[in-house]
1. Mean 1/r over all different Cα pairs, inverted: what Kirkwood radius does the range 5-112 give, in Å?
2. Pairs of Cα atoms under 8 Å, at least six residues apart: use those to get the relative contact order of the range 5-112, whole percent.
3. Is the C-alpha gyration tensor of the range 64-104 telling us rounded, prolate or oblate? Criteria: a/c under 1.5 is rounded; beyond that, a/b larger than b/c is prolate, otherwise oblate.
4. Among I53, H65, C17, whose Cα projects farthest towards the positive end of the dipole of the range 5-112, with charges put on the beta-carbon of Lys, Arg (+1) and Asp, Glu (-1)?
Amino acid sequence: MRGDCYAAAMDSDVLDCQECGACCHSDLASSVRVTGDDYARLGDLAESLTVFIGNRCYMRLLGTHCVANTRDVDGRFGCSSYDRRPDVCRDLERGSSACRAERFNKLARTLVTTPIR
Ligand code: SF4
Ligand code: SF4
């Protein structure tokens, strides 16, 4: 269970991506970069899941979470495009300093911004 954000961010024993979802949340439209290879991998989903800002492509945000971010009836997070997700998502290693920074900065907002669907 998630408790205090700071404690949860620092406690490597409780890291469970489906309980977390922090790195799939952002206020920045440019948070999840989609490269040309990523776009090709998304295939027929690319147009609906991405947005171009200038000549750069990103995962589209829905509110303050990636449009591909989901929650099941138990409140667990998922990715509707997990097998096709961009490299930047694949490269973020659970438990790394980058992961902990995401949790520290964003964990609280995940409680309210992703509807269960
Ligand atoms: S990689 Fe880290 S920040 Fe992302 S969902 Fe997993 S535990 Fe959370
Ligand atoms: S593509 Fe999937 S893993 Fe990447 S930010 Fe969006 S929901 Fe998260």
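1. Hydrodynamic radius (Kirkwood, Cα only) of the range 5-112 equals 14.2 Å.
2. This gives 41 percent for the range 5-112.
3. Verdict is oblate for the range 64-104.
4. Going by the charge dipole, the pick is I53.
Every number here is computed from the coordinates shown, using simple stated rules; none is lab data. The model shown is predicted, which means the values in this text are computed figures rather than measured ones. Cβ: placed from backbone, ideal geometry, glycine included. Neighbour counts: every protein chain shown.
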